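S.K.: This is the structure I have questions about; it appears just below.
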Amino acid sequence: MEQQRKIWSKELIIQAIRDRHTKGESVVSGKVYLSDERLHKAARRKFGSWNEALIAAGLDTFVTFEYPKKWTHETVRRAIQQLHSEGKSLKPRDVEIEHGGLYKAGRRRFGSWREALLASGVEVDNKLCRSWTHWTPEIIIQEIRERHSNGSSINSYDVYRTERRLYVASQKLFGSWNEALKASGFREFIKERQRNWTNKKVINDIQDRHSK
């Protein structure tokens, strides 16, 4: 027999949120949505947003940024100001990864991420809003070395996936990612291009290795 569908009240939602917190389970909006979609939807329906439900449950310290239903100039400004007040990174690459919708809306509404920050009253560091059109060989080398020193991957696939502007700029100015790695002093990280193997090439390669 199908389990009776739970009828959510504000009291039940508050209790469910507190139970999650007591058990050590996350009460962050995105994680609750993935693990308990019914609770998350009920909270938004009854309280208007997950943040309001958290506040009602006495867990306002866990309130985080939530996307508005529609991005306007004002909602973009408010979102940037909130992230800034929380001490979150506003570097283009960080915002694009963590808050892709905000990043796209900021560029669409204000013409660039830099202009979106300025319109939000955030002091802008030129390096902070560097775009790939302003890349130089020296800056690319510096970025690659910083990635390596920070423990971030400098594998071409990982860089393309997480920091596409750096990857595109390296191809534009060095001809390829491998050449940019060479210029940065990381020859050992260069992967050889896959050879077009044939039966004859396989046999010849084995014989060459054996003779050595």
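Throughout, read-outs are computed from the coordinates displayed, never taken from laboratory work. Everything numeric in this text was worked out from a predicted model, so none of it was measured. All Cβ positions, glycine included, derive from the backbone under ideal geometry; neighbour counts span all protein chains shown.
S.K.: Once phi is turned into θ = phi - 60°, what whole-Hz ³J(HN,Hα) does the Karplus curve with 6.51, -1.76 and 1.60 give for every residue of the stretch 82-93, x standing for Gly and Pro?
M.R.: 5, 4, 5, 5, 7, x, 6, 5, 10, 4, x, 5
S.K.: Let me ask something else about it. T22 label point, 7 Å along Cα→Cβ, cut-off 16 Å on backbone N: hits in the stretch 40-54?
M.R.: none
S.K.: Can you give me the long-range amide H partners of S184? Hydrogens built in the peptide plane at 1.01 Å from N, cutoff under 5 Å, separation of 5 or more residues or another chain.
M.R.: HN-HN under 5 Å from S184: empty list.
S.K.: Okay, moving on. Would you mind ranking L118, L173, L102 so that the residue whose beta carbon has the fewest other beta carbons within 10 Å leads the list?
M.R.: Working: L118 14, L173 17, L102 23.
So the residues, fewest neighbours to most, are L118, L173, L102.
S.K.: In whole Hz, with x marking every Gly and Pro, tabulate ³J(HN,Hα) for the stretch 140-150 from phi via Karplus 6.51 cos²θ - 1.76 cosθ + 1.60, θ = phi - 60°.
M.R.: With the stated coefficients, the stretch 140-150 comes to 4, 4, 4, 5, 5, 5, 5, 4, 5, 5, 7 Hz.
S.K.: May I ask you to evaluate 6.51 cos²θ - 1.76 cosθ + 1.60, the Karplus curve with θ = phi - 60°, for each residue of the stretch 22-39 and list the ³J(HN,Hα) values in order in whole Hz, giving x for glycine and proline?
M.R.: Using θ = phi - 60°, the values come out as 4, 7, x, 7, 5, 10, 6, 3, x, 6, 5, 4, 6, 9, 8, 4, 4, 4 Hz.
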